[in-house]
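> Next up is a structure, given as structure tokens.
Nothing in this text is a laboratory measurement; each read-out follows from the coordinates by a stated rule. Just so we're clear, the structure is a prediction, and the values are computed from it rather than from any experiment. Cβ coordinates were reconstructed from backbone atoms using ideal geometry, including for glycine residues, and neighbour counts include every protein chain displayed.
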Amino acid sequence: MFDYDSELVRHHERLMAALDVRPGDRVLDIGCGAGRTTRDAARAAAPGTALGVDVSGPMLARARRQAEAEGLRNVDFVQGDAQTRAFSPEHFTLAVSRFGTMFFSDPVAAFGNIGRALRPGARFVQLVWQAADRQEWHTVIRAALSHGLAPSASDSAAADPFTLADPDIVAEVLTRAGFTAVDVVDVREPVCYGPDTEGALAAVLELRMAKEWLSELDAASAERALDRLRVALDAHDSGDGVWFDSRAWLVVAHRS
């Protein structure tokens, strides 16, 4: 299972600083994955609480195991789609998402549903990716595994992590969903794919995008693609991890 917490360690620091959880907060974490953001929010919110929501059962299982290992009693995780899940109205004082809001089928409906779970005036703080061509991790891996081939049908069918890359669209969607005072800040932080080249190679091959790109190739072409990928990863091995440049938007909005 891909380790998003290690990949996004620099982004996580920026997100938590902006989130500014206070004791007594009730925090809702959208697309919580393995729960790092939820657990850190729970610690900061005590005696308040934090709830993580995600569609992935395996990710949530990891989140629950880690919360138990850390002795956290004010955190919970539920499996479900935040677009449609029935939350208690006006229950949460703060909402957060670390790259978990780009995949909604109807973002206005989803953000509206999240907004109804927040108290009036509550903040919603999230990170979303900027455009694909601003993501070195995406362009380098894509070039290595596709070798310049045109995007395939599987690319268009896959979940698109860049649907909120346009800040004007982000602001429009959140405003239509009932949020106000939308602020979008440029965040440029590197992402880490592993401690060394071989670790990064194993990690990349866990990603759906990598599996889909490789599936388009015959055996010989796939082997050459993996060789190209290994060379590309090695070129980004700093001796302290394999790092790629990336760009995100830090989005803060208020529930009206």
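> Quick one: helix 107-116 against the long Cα principal axis of the chain, what's the angle to the nearest 10°, folded into 0 to 90?
Roughly 30 degrees between the two axes.
> Give a quick list of GluC sites (Glu not before Pro) in the stretch 189-256 that DSSP marks as loop, anything other than H, G, I, E or B, with at most 12 other Cβ atoms within 10 Å. Don't skip to the end; give the middle numbers.
Values: sites: Glu198, Glu206, Glu212, Glu216, Glu223; in loops: Glu206, Glu216.
Within the stretch 189-256, the qualifying GluC sites (Glu not before Pro) (loop, at most 12 other Cβ atoms within 10 Å) are Glu206.
> Against the longest alpha carbon principal axis of the chain, how many degrees, from 0 to 90 and to the nearest 10, is the axis of helix 219-235 turned?
Its long axis makes an angle of about 70 degrees.
> Which loop-located GluC sites (Glu not before Pro) does the stretch 1-81 contain, where loop means any DSSP state but H, G, I, E or B and the Cβ has at most 15 other Cβ atoms within 10 Å? Please report the intermediate quantities before stating the final value.
Values: sites: Glu7, Glu13, Glu68, Glu70; in loops: Glu70.
Listed in order of number, the matching sites are Glu70.
> Here is a follow-up. What spacing in nm lies between the two simple spin-label points modelled at Asp166 and Lys211, each 7 Å away from Cα in the Cβ direction?
3.1
> For a label point 7 angstrom out from the Cα of His91 toward its Cβ, which stretches of the stretch 51-74 have the backbone nitrogen within less than 11 Å?
51-52
> On to the next question. Please say if the chain is rounded, prolate or oblate, where rounded means a/c under 1.5 for a ≥ b ≥ c the square roots of the C-alpha gyration tensor eigenvalues, and otherwise the choice is prolate for a/b larger than b/c and oblate otherwise?
Working: a/c = 2.01, a/b = 1.61, b/c = 1.25.
Prolate.
> Please report the relative contact order for the chain, taking Cα pairs under 8 Å with a sequence separation of at least 6, and give it as a percent rounded to a whole number.
Details: 500 pairs, mean separation 56.2, N = 256.
Reported relative contact order: 22 percent.
> Looking only at the stretch 21-36, which residues have a backbone nitrogen under 16 Å from a spot 7 Å from the Cα of Val9 in the C-beta direction?
Hits in the stretch 21-36 for Val9 at 16 Å: 36.
> Among Val231, Ala110, Pro89, whose Cα sits farthest toward the positive end of the charge dipole of the stretch 4-255 (+1 at Cβ of Lys/Arg, -1 at Cβ of Asp/Glu, about the Cα centre)?
Of Val231, Ala110, Pro89, it is Pro89.
> Among DSSP beta bridges lying fully in the chain, give the percent that are antiparallel, nearest 5. Each step should come with its number before you reach the end.
Details: 18 of 37 bridges.
Expressed as a percentage, antiparallel bridges in the chain total about 50.
> Separate question: Can you give me the angle between helix 9-19 and the longest principal axis of the chain, using Cα atoms only, in degrees from 0 to 90, rounded to the nearest 10?
20
> Moving on to the next point. Using modelled amide H (1.01 Å from N, peptide plane; none on Pro or chain starts), what sits under 5 Å from the amide H of Gly52, excluding residues fewer than 5 places away?
Asp29, Asp76, Phe77, Val78
> Take the chain, mark every one of the trypsin sites (Lys or Arg not before Pro) that falls in a DSSP loop and has at most 16 other Cβ within 10 Å, then report the longest stretch left between them, sites excluded.
Details: sites that count: Arg73, Arg85.
The longest uninterrupted stretch comes out as 86-256.
> Follow-up question, since we're still on this one. When Lys and Arg each count +1 and Asp and Glu each count -1, what net charge do the other residues less than 14 Å away from Pro47, Cβ to Cβ, add up to?
Numbers: positive: Arg22, Arg26, Arg43, Arg73; negative: Asp25.
For residues surrounding Pro47, the net value is +3.
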